[in-house]
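Working notes, structure below.
The values are calculated or read from the model by the stated rules, or taken from the named source; none is laboratory data. Keep in mind that what you see is a predicted model, and the values were worked out from it rather than measured. FYI the Cβ positions are ideal-geometry reconstructions off the backbone, even for glycines, and counts take in every protein chain you see.
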């Protein structure tokens, strides 16, 4: 075995201590705290040091990685003792195992290939199976019946979030990943009571397949693919397939538009970087408002006026995202752009520049989203509801251009401009729905 693989195996063994949590109860933090102290203060050489030491640890003669991992696990174990609403023991055990065994899966795959897709797939698959195993073993030791769809959902969401954070951060940032996955798992454990098995399996199959296709076509990077799959699973489980249809329309049409005549756009200096592949920042800038709307809809249990507001906010934000993407990707292929604030001619690619062809493409995107939303979601009367969604989207893409002409490049980056535009489109659609419908 390679040194990396041996080290990953050692961390997986340490993570297995979480399985004693149902027996230890409030003392579950003690083994991890003891390992953290030993790693930080006592182990500076010898076989254990050689097993767990990462490259930076040799210089400090201290097992910083093991200490950080164990301290984070101890902190999660303490959260499981909170008097009012404790972190569920199953979530604690599953979280620690996801990271410990997910890293082992990564190193196993790296023995054969360094292709990013397969390396990430190794982490997600191994972490997912370990997460489910942790939940099952905890439930078997107690009197809680095994809710397979729920623990499957929690395990796949935990594995995807852990893999995504490891892509965005350094692989050594285990404490941050561990705490983040545990807290998100805690949230969803409280939010999700029951999930139909068929719906969950369909969600996993569809989102994983489309994520692989997006990566294969080059419309998403590895981190962008992980973010898209995560958003897709959450949207289907918390909203439904109608919500997912609107979301995937944005991802699919937007991704393909970024590849449309990419060479021409690159020659004009208006092409997206990374060969048009969307990363996590771009995905979240355009879909964060939609994700919040899905979560809000689930929190209010899909009933009442707030639920309708979240539904229209979801559609309006994605109408903005698709309209803005089409406007930029199509409009950038034409000459004579003008600044939206003064209508003065500017160079192609200038922030806040518009062309009539791009505006027409953007209008097509918001109208298409409005019509699709009314076809797959219970928005009410077709044409008024479609007009509300499209109206919010049109306002959103206009705000995007105005912010691009006035603040982008100085006070705001492109991703913040996209986020504020989708927020405007979502809020406008929700407000129009309350006022007119």
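Kindly indicate which of 111, 62, 54 is over 21 Å from residue 180 (Cβ atoms) and touching a residue at least 24 places away in the same chain (Cβ under 8 Å).
Of 111, 62, 54, the one residue that is over 21 Å from residue 180 (Cβ atoms) and touching a residue at least 24 places away in the same chain (Cβ under 8 Å) is 111.
Go through 254, 302, 279 for me and flag whichever is buried (at least 17 other Cβ atoms within 10 Å of the Cβ), within 18 Å of residue 426 (Cβ to Cβ) and in the same structural domain as residue 371 (by TED's automatic domain parsing).
Unique residue meeting the criteria: 254.
Answer with yes or no whether residue 74 is part of a helix (DSSP H, G or I), at pLDDT 95 or above and farther than 27 Å from residue 160 by Cα.
No.
Please enumerate the residues belonging to the stretch 308-339 that are surrounded by 20 or more Cβ atoms within 10 Å (Cβ to Cβ), touching a strand residue (DSSP E or B) at 6+ places or on another chain (Cβ under 7 Å) and not in a helix (DSSP H, G or I).
337 - this is the single residue of the stretch 308-339 that is surrounded by 20 or more Cβ atoms within 10 Å (Cβ to Cβ), touching a strand residue (DSSP E or B) at 6+ places or on another chain (Cβ under 7 Å) and not in a helix (DSSP H, G or I).
Taking the conditions exactly as written (crowded, with 21+ Cβ neighbours inside 10 Å, at pLDDT below 95 and more than 27 Å from residue 367 (Cα to Cα)), does residue 226 satisfy them or not?
For residue 226, the condition - crowded, with 21+ Cβ neighbours inside 10 Å, at pLDDT below 95 and more than 27 Å from residue 367 (Cα to Cα) - is met.
Look at residue 127 and say whether it is more than 19 Å from the chain's Cα centre (by Cα), part of a helix (DSSP H, G or I) and more than 22 Å from residue 196 (Cα to Cα).
no
How many of the residues making up the stretch 45-68 are touching a helix residue (DSSP H, G or I) at 6+ places or on another chain (Cβ under 9 Å) and part of a loop (DSSP other than H, G, I, E, B)?
Looking only at that region, the number is 5.
Does at least one position in the stretch 146-155 carry a residue that is surrounded by fewer than 23 Cβ atoms within 10 Å (Cβ to Cβ), in contact (Cβ under 8 Å) with a residue 24 or more places away in the chain, assigned by TED's automatic domain parsing to the domain that holds residue 185 and closer than 23 Å to residue 9 by Cβ?
There is no residue in the stretch 146-155 that is surrounded by fewer than 23 Cβ atoms within 10 Å (Cβ to Cβ), in contact (Cβ under 8 Å) with a residue 24 or more places away in the chain, assigned by TED's automatic domain parsing to the domain that holds residue 185 and closer than 23 Å to residue 9 by Cβ.
Within the stretch 85-108, count every residue that is closer than 14 Å to residue 138 by Cβ, assigned to a loop (DSSP other than H, G, I, E, B) and touching a residue at least 12 places away in the same chain (Cβ under 8 Å).
Counting residues in the stretch 85-108 that are closer than 14 Å to residue 138 by Cβ, assigned to a loop (DSSP other than H, G, I, E, B) and touching a residue at least 12 places away in the same chain (Cβ under 8 Å) gives 2.
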